[in-house]
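The values are calculated or read from the model by the stated rules, or taken from the named source; none is laboratory data. This one's a predicted model, so the numbers in the text were calculated from it and none came from an experiment. No Cβ is skipped: glycine too gets one built from the backbone with ideal geometry, and neighbour counts run over all protein chains shown. All accessible areas refer to the heavy atoms of the entire protein, side chains included, with ligands and DNA or RNA removed. Shrake-Rupley method; radii C 1.70, N 1.55, O 1.52, S 1.80 Å.
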Amino acid sequence: ATGHFAAQNRAVTSGDYKSLLYKMSGQFGSIKRCNVTQDADSFRRNLNIYVISEDRNGLLIKTPTTVKNNIKTWLNQYKMINDTIDILDAKIVNLGIEFEIFSRTDRQKYDVLTRATRALELYYSGRYHDIGQSFNITEIYKLLNSVTGVTDTTRVKIIRKDTLDHSSTYMNI
């Protein structure tokens, strides 16, 4: 709301563009997340807008072409005259977390492992990072170390999930 108020019905900054994208009427389609960056390869003021949508089951999907065309039309009434816009698909990357923990000797190790796994599931369930947002591994160490019965987290490894049920986007982790 604050970002939209500051935009004053015009798009100058990347925050203005994001605010206007989220404000777009649902009858034209909707997006789940977006990010606006300046195209480093452009000599003009070209902006790359990365968008991702959500299906009926809450899973991330590529934004349909119709919605992207509606976004372009929507933004044309607010953008600066010298701004050019490219609307691109954000990549979906599915990650998994492998970890090793030490449990207290007076606790059942499998109960502690179950609590640690459940803590990670609760922390990340339904929680998507913003497009381009960094993924902080120290958050995982901190979360696991806060689980009752865990004395120390010795290893955390981030893996790319690439089975048939996951995105095929390759990323060197």
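Given the -39500 (n - 2.57) contribution per DSSP H run of 4+ residues, what per-residue ellipticity at 222 nm results for the chain, rounded to the nearest 500 deg cm²/dmol?
Taken over the chain, the calculation gives -9000 deg cm²/dmol.
Could you pull out the trypsin sites (Lys or Arg not before Pro) across segment 97-128 that fall in loop regions by DSSP (anything but H, G, I, E, B) with no more than 16 other Cβ atoms inside 10 Å?
Arg104, Arg107, Arg127
Taking R0 as 41 Å, what's the FRET efficiency between Thr84 and Arg56 from their Cβ-Cβ distance, rounded to 0.05?
The value I calculate is 0.75.
Antiparallel DSSP bridges in the chain: what percent, to the nearest 5?
Here the antiparallel bridges make up roughly 70 percent for the chain.
What do you reckon, how do Thr138, Thr105 stack up by accessible area (1.4 Å probe), largest on top?
Ranked list, largest accessible area first: Thr105, Thr138.
Taking Cα extents along the principal axes in Å as the quantity of interest, determine which of (1) 72, 37, 27; (2) 40, 34, 31; (3) 67, 36, 34 was computed from the displayed structure.
Calculated Cα extents along the principal axes in Å: the matching label is (3).
Please compute the per residue accessible area over segment 1-117 with all protein chains in place, 1.4 Å probe, rounded to a whole number of Å².
65 Å²
Exposed loop sites here are chymotrypsin sites (Phe, Trp or Tyr not before Pro) in DSSP loop states with at most 15 other C-beta atoms within 10 Å. What is the longest stretch of the chain lacking them?
The reported range is 44-127.
What is the count of Lys pairs in the chain whose alpha carbons sit under 12 Å apart, if the two are 8 or more places apart or on different chains?
Lysine pair count for the chain: 5.
Using a 1.4 angstrom probe on heavy atoms only, work out the carbon and sulfur share of the accessible area of the chain in %.
Taking all protein chains in place, the chain shows 50 percent carbon and sulfur surface.
Calculate the length of the line joining the C-alpha centroid of segment 62-116 to that of segment 23-44, in whole Å.
15 Å
If you take the charge dipole of the chain about its Cα centre, with +1 on Lys and Arg Cβ and -1 on Asp and Glu Cβ, which of Val156, Cys34, Ser103 is farthest toward its positive end?
Positive-most Cα among the choices belongs to Cys34.
Could you work out the relative contact order of the chain, using alpha carbon pairs under 8 angstrom and six or more residues apart, expressed as a whole percent?
This gives 21 percent for the chain.
Leaving ligands, DNA and RNA out of it, work out the accessible area of Thr63 with a 1.4 Å probe and give it in Å² to the nearest 10.
Here the residue's solvent-accessible area equals roughly 10 Å².
Please name which of Ile85, Ser134, Ala11 has its Cα lying farthest along the dipole of the chain towards the positive end, using unit charges on Cβ (Lys, Arg +1; Asp, Glu -1) and the Cα centre as origin.
After comparing all options, I get Ala11.
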